[in-house]
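In what follows, a structure is listed as structure tokens, so that the remarks can point back to it.
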Amino acid sequence: MTGTASPFSVRLTLTPKTALAGLLDGAWWPRSRDLAAELPSLADALDARFGRITRLTASPTCWLEVPPRISVADGRAVQLGWFTEQDSDTMILFSYAVGRCDLLVIPPETEAAAAQRLMAAAALPGNVRAVATLMADEAATGRRIRDARSRDDSGESEGATASAPAGHPVVGARMIPLPWNMRR
């Protein structure tokens, strides 16, 4: 099956090119769990930076079908390796040009604000937090936001004294000073 998604509709964030290597090269937020429909536009979007994607590995638990290959463009096909041991929120793509691209895969049903926070966290240069940690941190952040909204909606905050400001939405993040020649 050939995908029909437009390359302009890819929800993808990549780590900026920098000397600060991290565990991830970015994050991808597909619109569905149909990899055959989603992969062509992802491969197109990654082509300029990583070269022609030839293979990928993923966990079969998140996708509707687990074919051995998917056609992406110009008759090219990407070979797929399915590994139940691989984190379900990770996809590893391989190309001849660069070698490897590790992406956090955000579940399609994720609400937009949470997906945006995850995409930003995964694309931080020098990020050393594992995918499971990023997802757990976002789940905790989402709970705090929902709890705060519930308190506001119920009127609990009326007449209360000011509380401490909420922590940074990317839990565990820290500022890394850039060398003077890398600043804009």
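The values are calculated or read from the model by the stated rules, or taken from the named source; none is laboratory data. Here the structure is a predicted model, which is why all the values come from computation and not from measurement. Cβ placement follows ideal geometry from the backbone for every residue including glycine, while neighbour counts extend to all protein chains displayed. These area figures cover heavy atoms from the full protein model, side chains too; ligands, DNA and RNA do not enter into them. Shrake-Rupley method; radii C 1.70, N 1.55, O 1.52, S 1.80 Å.
Take the residues of the range 131-144 that are of a type outside the set (S, T, N, Q), farther than 18 Å from L12 by Cα and touching a residue at least 12 places away in the same chain (Cβ under 8 Å): which is surrounded by the most Cβ atoms within 10 Å (Cβ to Cβ)?
Among residues in the range 131-144 that are of a type outside the set (S, T, N, Q), farther than 18 Å from L12 by Cα and touching a residue at least 12 places away in the same chain (Cβ under 8 Å), the one surrounded by the most Cβ atoms within 10 Å (Cβ to Cβ) is D137.
Give R11, R49, R33 a once-over and let me know the one that is basic (K, R), open to solvent by 30 Å² or more (accessible area, probe 1.4 Å) and farther than 24 Å from V128 by Cα.
Answer to the selection: R33.
Quick test for you: out of T18, T54, pick the one residue that is β-branched (V, I, T) and farther than 16 Å from L93 by Cα.
Criteria check complete, one pass: T18.
For the range 28-55, give me each residue that is more than 25 Å from R117 (Cα to Cα) and in a strand (DSSP E or B).
I53, T54, R55
Looking at R69, R55, which one is under 19 Å from the mean Cα position of the chain (by Cα) and open to solvent by 30 Å² or more (accessible area, probe 1.4 Å)?
The conditions single out R55.
Quick check on this structure: which one of L118, L103, L93 is in a helix (DSSP H, G or I) and buried (at least 20 other Cβ atoms within 10 Å of the Cβ)?
L118
Evaluate the following for I70: is it in contact (Cβ under 8 Å) with a residue 12 or more places away in the chain, of a type outside the set (D, E) and within 16 Å of V10 (Cα to Cα)?
no
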